[in-house]
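Notes to accompany the following structure.
The numbers here are math on the coordinates, done by the rules we state, and not lab data. It should be emphasised that the depicted structure is a prediction, and the values quoted were computed from it without experimental measurement. Neighbour counts are summed over all protein chains in view; Cβ atoms, including those assigned to glycine, are modelled from backbone coordinates with ideal geometry.
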Amino acid sequence: MTLFTRFLERLRKEGRSLLKSYRGSYNIKTKIDLEDPKASYQEWFREHLKCTFTEEDILAYARKFDTLFNFICSKVDLFPEQHILEVGSGIGGLYALLPHKENYKGIELDAEAVEFANRYFKTDRFKLMALEEMEESEKFDLILAIEVLEHLYSPIDAIKKIYRLLNKDGVFCGTSPYPYKKNILVEDTHLFVLHPLNWKRLFENCGFGEVEIYPMSFFPLLWRIDKRLNVRLPFYVQPFKHFGTTSLIIARK
């Protein structure tokens, strides 16, 4: 099947549902309980991301983030003995893409997502835990946080915590949406949608020696058809509401 015929087939099967899911995801109203952040994210994936907790959700994540993951791999070394922490591990979509999983740990605030990820991947590597609860005696070579930083109610404390959790030559790798108005309004839990230069300054002020920022934008919907259509544009754009525009932050200790 050619890429064009696959495009037509997926449009025929789910074109309306794709557009409906995107409309439903805009202007989400959920306020964070600062005393108990976990309470704010229960059933988050089911209610806000329309997750069905099936294999299709994992495959959809792989299509959406394959381009981003490959770009990360071009900048950050991955190796078998590497100890990896993922903050906001969700249903395990990024875990599925990792080539080495032996020393992986994922922490997530949505209990349903944690249960599904452990069951689907037949593991116990996913934990219902906030970043603040991590024991600092546990060290990692790589910490990942994809579209998480903007949700943190105290980003400076979180970055300092990440710094302390990293080994001597450890690397942080995460993304956060560019501060266009739509990225601020899309969810009440977007507390700190900062300019990339602000993120760079925060990471540097928290002790990181080298901080790189990579702009990236993606066309909406196309990743649902085929991952090869999810081309990275190396700049920030805001042509319409659902165009994905984010910053990749790579901070080395």
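Provide a single number: the residues in the range 216-238 that are farther than 17 Å from Phe69 by Cβ and in contact with a Phe, Trp or Tyr (Cβ under 9 Å, 6 or more places away or on another chain).
Residues in the range 216-238 being farther than 17 Å from Phe69 by Cβ and in contact with a Phe, Trp or Tyr (Cβ under 9 Å, 6 or more places away or on another chain): 7 in total.
When you go through (1) closer than 25 Å to Ser89 by Cβ; (2) surrounded by fewer than 20 Cβ atoms within 10 Å (Cβ to Cβ); (3) touching a strand residue (DSSP E or B) at 6+ places or on another chain (Cβ under 7 Å); (4) of a type in the set (D, E, K, R) one by one for Glu204, which number turns out not to apply?
Only one criterion is unmet by Glu204, namely (1).
Can you spot a residue in the range 172-181 that is surrounded by fewer than 19 Cβ atoms within 10 Å (Cβ to Cβ) and among the β-branched types (Val, Ile, Thr)?
Within the range 172-181, none of the residues are surrounded by fewer than 19 Cβ atoms within 10 Å (Cβ to Cβ) and among the β-branched types (Val, Ile, Thr).
Here is a check on your reading of the model: is Phe126 surrounded by 16 or more Cβ atoms within 10 Å (Cβ to Cβ), of a type in the set (A, V, I, L, M, F, W, C) and in contact (Cβ under 8 Å) with a residue 60 or more places away in the chain? Spell out the reasoning first.
Working: surrounded by 16 or more Cβ atoms within 10 Å (Cβ to Cβ): yes; of a type in the set (A, V, I, L, M, F, W, C): yes; in contact (Cβ under 8 Å) with a residue 60 or more places away in the chain: no.
Considered against the rule, which asks whether it is surrounded by 16 or more Cβ atoms within 10 Å (Cβ to Cβ), of a type in the set (A, V, I, L, M, F, W, C) and in contact (Cβ under 8 Å) with a residue 60 or more places away in the chain, Phe126 comes out as no.
Looking only at helices (runs of 4 or more DSSP H) that lie completely in the range 142-249, which have at least 3 residues being over 26 Å from Phe79 (Cβ atoms), of a type in the set (Lys, Arg) and under 17 Å from the mean Cα position of the chain (by Cα)? Before the answer, list the steps.
Details: elements: 155-165, 181-185, 196-205, 222-225.
Qualifying helices (runs of 4 or more DSSP H): none found.
If you go through the range 80-111, how many residues are part of a strand (DSSP E or B) and among the polar types (S, T, N, Q)?
0
Give the residue, chosen from Asn103, Asn118, that is surrounded by 13 or more Cβ atoms within 10 Å (Cβ to Cβ) and farther than 27 Å from Tyr163 by Cβ.
Values: Asn103 fails: farther than 27 Å from Tyr163 by Cβ.
From the options Asn103, Asn118, the qualifying one is Asn118.
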